[in-house]
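Structure record follows, encoded as structure tokens.
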Amino acid sequence: VYCDSLPDADDNDPSIGPLVDNQYVIPVDNLIRTCVNINDSGTYYIYSDIDTNLSENDICIAIYANDVILLNREHSIDIGDNGVAISSVGNSGVVVDGVRIQNGDTGISFDSVEGGYLLNLKVENCDKGIDISQCPNIIVRDDSISSCSVGLRISISDSVQIGWSSIAACDTGAVLSNVDYSTIRPLWITSSTQMGLFIDANCNRNLFDHLW
């Protein structure tokens, strides 16, 4: 739905939500203010800061549906010392755009997701910033990852596109394991304390261009 203008969200009227990026009209039921499970396809918007303390292996926003768009422009997720901020397992067409994540075990975890997008993300102070496993056709673009043990980890995946992203002040910037037919360009990795980029011997037919 496209509109030029729309009132702010009204919790008393479930049919009206805010206009986001001059493009998405978000139903009030899809405004996220706390940790939640997303069980239905649709467009969702993080509408306030989420500040919580997760236990080990807990997930703040768990995506269990195909064709989900999760948007954010102003707010952040702080999950404390443990857990996963955003997770999607076994879905397709999942888009996470503009989310800011602080702390926790893993910022974003995609497992067996096909055709997903991770865009305009800011992830900091996590053990693993972005963790992608068994995911074909994922696009990672315009992301900023900093102060993590491992900034970006991709394993057992193919046709991944990584571009215009930066990884700074992590122990290890990026790890690629069993990654095939993928493209990385450009990617800035700076101030790693142990290793900037690790590529194991099982990676084949990948294009690396403009790495700094």
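The values are calculated or read from the model by the stated rules, or taken from the named source; none is laboratory data. Source: prediction; values computed, not measured. Please note: Cβ atoms are built from the backbone with ideal geometry, for glycine as well, and neighbour counts cover all protein chains shown. For the accessible areas, the whole protein counts, side chains as well, though only heavy atoms, and no ligand, DNA or RNA atoms are used. Shrake-Rupley method; radii C 1.70, N 1.55, O 1.52, S 1.80 Å.
Values for this structure:
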read-out: DSSP bridge orientation in the chain - percent antiparallel, rounded to nearest 5; value: 5 percent
read-out: Förster radius 22 Å - calculated FRET efficiency between E74 and N39 (Cβ-Cβ, nearest 0.05); value: 0.30
read-out: Rounded D (µm²/s) - region 29-80, Kirkwood Rh over Cα pairs, Stokes-Einstein at 37 °C, 0.692 mPa s; value: 286 µm²/s
read-out: Lys, Arg +1 and Asp, Glu -1 on Cβ, resulting dipole of the chain about Cα centre, debye, nearest 20; value: 740 debye
read-out: Check: region 86-147 dipole with +1 on Lys, Arg Cβ and -1 on Asp, Glu Cβ, in debye; value: 120 debye
read-out: Extension reserve of the T183-Q134 stretch, reckoned as 0.36 nm per residue once the Cα distance is removed; value: 16.0 nm
read-out: Cα lying deepest toward the dipole's positive end in the chain, options P27, W188, S133, charges on Cβ; value: W188
read-out: Nitroxide proxy distance, nm - points 7 Å out along Cα→Cβ at I156 and D127; value: 1.9 nm
read-out: Net charge dipole size for region 140-212 [Lys, Arg +1 and Asp, Glu -1 on Cβ; Debye, nearest 20]; value: 60 debye
read-out: Fraction of accessible area attributable to carbon and sulfur, region 74-209 (%, probe 1.4 Å); value: 41 percent
read-out: Accessible area of region 113-182 divided out per residue, in Å², using a probe of 1.4 angstrom; value: 35 Å²
read-out: Calculated FRET value between I199 and L31, using beta carbons and R₀ = 45 Å, to 0.05; value: 0.65
read-out: Evaluated at q = 0.14, 0.18, 0.22 Å⁻¹: base-10 log I(q)/I(0), Debye formula over Cα of region 124-202; value: -0.38, -0.63, -0.95
read-out: Two-site label geometry, D209 and W164: point separation in nm, points 7 Å out along Cα→Cβ; value: 1.5 nm
read-out: Alpha-carbon Rg with Dmax, taken over region 11-166, Å; value: 14.5, 46
read-out: More than 17 angstrom apart: percent of Cα pairs within region 91-167; value: 36 percent
